[in-house]
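Report on the following structure.
The values are calculated or read from the model by the stated rules, or taken from the named source; none is laboratory data. Quick caveat: nothing in here was measured; it's all calculated off a predicted structure. For neighbour counting, all protein chains shown are included, and Cβ atoms are generated from backbone atoms with ideal geometry for every residue, glycine included. Please note that ligands, DNA and RNA were not included when accessible areas were found on the heavy atoms of the full protein model with its side chains. Shrake-Rupley method; radii C 1.70, N 1.55, O 1.52, S 1.80 Å.
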Amino acid sequence: GDSVIQMQGQVTLSENDFLFINCTYSTTGYPTLFWYVQYSGEGPQLLLQVTTANNKGSSRGFEATYDKGTTSFHLQKTSVQEIDSAVYYCAMRDRYGGSGNKLIFGTGTLLSVKP
Amino acid sequence: GGIITQTPKFLIGQEGQKLTLKCQQNFNHDTMYWYRQDSGKGLRLIYYSITENDLQKGDLSEGYDASREKKSSFSLTVTSAQKNEMAVFLCASSMNNNNQAPLFGEGTRLSVL
């Protein structure tokens, strides 16, 4: 069935390190893809989304490229800061959602950035 | 600006108890959603509703009921709380048919004794 896979459950970095969070998806066609970020005690908030295959999305220094060849949507940031510590969720629009925009989420990656 | 309000923020229940969680949004969004969040399992859809009085089951609907009383509100009922259950229930909303990313509330944290 359709799914979103995040293999990294936890990533620990130091400030100014390069961030790479892996995300792959499995479905038919070219769904809209999303990255959400969830800070402690808050609900998830949209970080970026990309609707068109092979396009790149960016926000707050984070980037993700929609690669239809490898069915991937990895998240990157050149230099992380302590305030980036949060859980990051990759998601795709469910093609069976009808007119609703229901999403299929990955299991999340907890990013801890040490000062 | 708009807001999604979930009540209560914290809910402590007893095994077997029926528990109701409420969600209100003032974005005038068409669709509302209930997701369950468990550590290591991500967000899983329980129910969603694309308009007032509509109800659609998600992958995790067993053990839950939902009600879309009006466009701005969507409630979720845990029909029989399970002992030692701990989870966060997240409400979200979005417009239809335009790939708009759902916006989330801050969640209700459930603990069952």
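General remarks:
- All conditions in (1) open to solvent by 50 Å² or more (accessible area, probe 1.4 Å); (2) in contact with an Asp or Glu (Cβ under 6 Å, 6 or more places away or on another chain); (3) within 28 Å of A:Ser3 (Cα to Cα) hold for B:Lys83, with the sole exception of (3).
- Among residues of the stretch A:97-115, those that are within 10 Å of chain B (Cβ to nearest Cβ), touching a residue at least 40 places away in the same chain (Cβ under 8 Å), part of a loop (DSSP other than H, G, I, E, B) and surrounded by fewer than 22 Cβ atoms within 10 Å (Cβ to Cβ), counted: 1
- The stretch A:1-18, subset surrounded by 12 or more Cβ atoms within 10 Å (Cβ to Cβ) and of a type in the set (A, V, I, L, M), residue farthest from the chain's Cα centre (by Cα): A:Leu13
- With respect to being buried (at least 19 other Cβ atoms within 10 Å of the Cβ), within 17 Å of A:Glu42 (Cα to Cα), away from chain A (no Cβ under 14 Å) and touching a strand residue (DSSP E or B) at 6+ places or on another chain (Cβ under 8 Å), B:Leu103 falls outside the description.
- Test: residue in the stretch A:72-90 that is farther than 26 Å from B:Ala87 by Cβ, within 13 Å of another protein chain (Cβ to nearest Cβ) and part of a loop (DSSP other than H, G, I, E, B): no
- Test: residue in the stretch B:57-69 that is more than 14 Å from the chain's Cα centre (by Cα) and modelled with pLDDT under 95: no
- Complete set of residues in the stretch B:44-71 that are open to solvent by less than 50 Å² (accessible area, probe 1.4 Å) and either of a type in the set (Asp, Glu) or touching a Cys at 6+ places or on another chain (Cβ under 9 Å) (or both): B:Asp54
- Odd one out for B:Lys41 among (1) more than 9 Å from chain A (Cβ to nearest Cβ); (2) surrounded by fewer than 17 Cβ atoms within 10 Å (Cβ to Cβ); (3) touching a Gly at 6+ places or on another chain (Cβ under 9 Å): (1)
- Taken over the stretch A:26-54, residues that are more than 13 Å from every other protein chain (Cβ to nearest Cβ) and of a type outside the set (Gly, Ala, Ser) amount to 3.
- Among the candidates B:Leu110, B:Leu90, B:Leu55, B:Leu21, the residue that is within 12 Å of chain A (Cβ to nearest Cβ) and in contact (Cβ under 8 Å) with a residue 40 or more places away in the chain is uniquely B:Leu90.
- The stretch A:72-89, subset open to solvent by 50 Å² or more (accessible area, probe 1.4 Å) and of a type outside the set (Asp, Glu), residue nearest to the chain's Cα centre (by Cα): A:Gln76
- Selection count, the stretch A:27-39, where residues are modelled with pLDDT under 95 and open to solvent by 50 Å² or more (accessible area, probe 1.4 Å): 2
- Scan of the stretch B:1-38 for residues that are open to solvent by 60 Å² or more (accessible area, probe 1.4 Å), over 15 Å from A:Gly43 (Cβ atoms) and in contact with a Gly (Cβ under 6 Å, 6 or more places away or on another chain), ordered by number: B:Asn26
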